[in-house]
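Taking it in order: structure first as structure tokens, then the write-up.
The values are calculated or read from the model by the stated rules, or taken from the named source; none is laboratory data. This is a predicted model, so every value here is computed, not measured. Here Cβ is always computed from backbone atoms with ideal geometry, including for glycine, and neighbour counts include all displayed protein chains. These area figures cover heavy atoms from the full protein model, side chains too; ligands, DNA and RNA do not enter into them. Shrake-Rupley method; radii C 1.70, N 1.55, O 1.52, S 1.80 Å.
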4 protein chains.
Amino acid sequence: MTYGYVEEKDALVKRLHRIEGQVRGIERMVEDERYCIDIVTQVGAVRAALRRVEEEILRDHVAHCVDHAIKSGNRADQRRKVAELMDVMGRAGR
Amino acid sequence: MTYGYVEEKDALVKRLHRIEGQVRGIERMVEDERYCIDIVTQVGAVRAALRRVEEEILRDHVAHCVDHAIKSGNRADQRRKVAELMDVMGRAGR
Amino acid sequence: MTYGYVEEKDALVKRLHRIEGQVRGIERMVEDERYCIDIVTQVGAVRAALRRVEEEILRDHVAHCVDHAIKSGNRADQRRKVAELMDVMGRAGR
Amino acid sequence: MTYGYVEEKDALVKRLHRIEGQVRGIERMVEDERYCIDIVTQVGAVRAALRRVEEEILRDHVAHCVDHAIKSGNRADQRRKVAELMDVMGRAGR
């Protein structure tokens, strides 16, 4: 089976590429000795963009991979999927 | 005056450059159709690294810029600095 | 079936009762006009205690109710359980 | 000087009293062996209510106590106030 996000793989790569560019922009802000608060604000914007990426991949993951495990009836796989979700979402709260 | 982080500007740029590379690595993971949870875990690691950058710049900001405003005795500047801090830290919690 | 937390129901009630007492303590701090930061610190401590309660109930929930749905082989129930988890954990991050 | 929240002390006590009642309600939910997810949802609601209390006290604190330190021109007090804010807000993010 293929993973949920693969359907929109190109859009996701493009989005991450834009985030990569934002990080490079912050490097330039540091080199240009811009005001601390402006830099922190930009870093916060990148973190928020990454969080949205995470949420979207997780949503697709549940709709595809977790659902695939449910359809399969494979209990070991179902348990693994739930444990992974709990683990990754527990960390995402931080 | 110069901003607090400027003293360690090179180290900070290097750190952000490494984060930029991590984002590029995630793009490649997506292109290679790696497992969703592994991608989300990597995105979470980048968010954590950015958060540490934010905390460090803020700490330097308080030690330098805010302290500069305190020494100056300029009340308008002191008020602006406190309002900025509240604003940026209120957002950082998310 | 009974829910996971029920096994330690008494301990959980006792814990919540202590948290209830902490909230009452904060009311008294406000009435006594205690220093703002001390009050905020106490409110933060109560929030942290509640978060630990949440985490524990969720852990028991996964070990019992979600596992029960897995064992049952009931797909509709499994889907409901995963959707609930995503929903509740998405909110818990805040 | 009096603290910022004191102006609305009665409203604040009333609000905390309601939160105390909500915690008592959760104890009853546990005693009645209600569904885990419903309990977790309620705990999350109480945490959100406490967070709003925190934000309001902090806002008043900045408008009164911190501003008082700014007006006083007392640098030691100003530094203490900023350090306290950073400390308490750093924790509030969690």
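Considering C:R34, C:R15, which residue is in contact with a Phe, Trp or Tyr (Cβ under 9 Å, 6 or more places away or on another chain) and of a type in the set (K, R)? Step by step, each of C:R34, C:R15 is checked, and only C:R34 is in contact with a Phe, Trp or Tyr (Cβ under 9 Å, 6 or more places away or on another chain) and of a type in the set (K, R). If the condition is being farther than 17 Å from A:C65 by Cα and open to solvent by less than 20 Å² (accessible area, probe 1.4 Å), then the range C:67-86 contributes only C:A69. State whether the residues of the range D:1-10 include one that is open to solvent by less than 10 Å² (accessible area, probe 1.4 Å), facing chain C (nearest Cβ under 7 Å) and aliphatic (A, V, I, L, M). Looking for residues that are open to solvent by less than 10 Å² (accessible area, probe 1.4 Å), facing chain C (nearest Cβ under 7 Å) and aliphatic (A, V, I, L, M), one finds none in the range D:1-10, hence no. Checking the range D:49-56 against the condition returns no match, with no residue being farther than 30 Å from C:D87 by Cα and at pLDDT below 95.
Contact map, the range A:66-92: first residue more than 8 Å from chain C (Cβ to nearest Cβ), second residue exposed (fewer than 15 other Cβ atoms within 10 Å of the Cβ) and not in a helix (DSSP H, G or I), Cβ cut-off under 9 Å, separation 6 or more or different chains; pairs are A:H68/A:M1. Quick one: would you say A:V13 is within 14 Å of chain C (Cβ to nearest Cβ), under 12 Å from the mean Cα position of the chain (by Cα) and open to solvent by less than 40 Å² (accessible area, probe 1.4 Å)? Judged against the criteria, A:V13 is not a match. Contact annotation: residue pairs with Cβ atoms under 9 Å, 6 or more positions apart or on different chains, pairing a residue in the range C:9-29 that is in a helix (DSSP H, G or I) with a partner that is open to solvent by less than 90 Å² (accessible area, probe 1.4 Å) and among the basic types (K, R), are C:L16/D:R24; C:H17/D:R24; C:E20/D:R24. For the range B:16-34, the tally of residues that are facing chain A (nearest Cβ under 7 Å) and open to solvent by 40 Å² or more (accessible area, probe 1.4 Å) stands at 4.
Would you confirm whether any residue within the range B:23-44 is of a type in the set (K, R) and over 21 Å from A:M89 (Cβ atoms)? Taking every residue of the range B:23-44 in turn, at least one turns out to be of a type in the set (K, R) and over 21 Å from A:M89 (Cβ atoms).
Would it be correct to say that A:E54 is at the interface with chain B (Cβ under 7 Å from one of its Cβ atoms) and either open to solvent by 40 Å² or more (accessible area, probe 1.4 Å) or among the hydroxyl-bearing types (S, T, Y) (or both)? When the stated conditions are applied, A:E54 does not pass them. Has the range B:41-48 got at least one residue that is over 17 Å from A:I39 (Cβ atoms), open to solvent by less than 70 Å² (accessible area, probe 1.4 Å) and at the interface with chain D (Cβ under 10 Å from one of its Cβ atoms)? Checked the range B:41-48: no residue is over 17 Å from A:I39 (Cβ atoms), open to solvent by less than 70 Å² (accessible area, probe 1.4 Å) and at the interface with chain D (Cβ under 10 Å from one of its Cβ atoms).
Of the numbered criteria (1) more than 24 Å from C:R59 (Cβ to Cβ); (2) in contact (Cβ under 8 Å) with a residue 12 or more places away in the chain; (3) facing chain C (nearest Cβ under 10 Å), the one A:D60 fails is (3).
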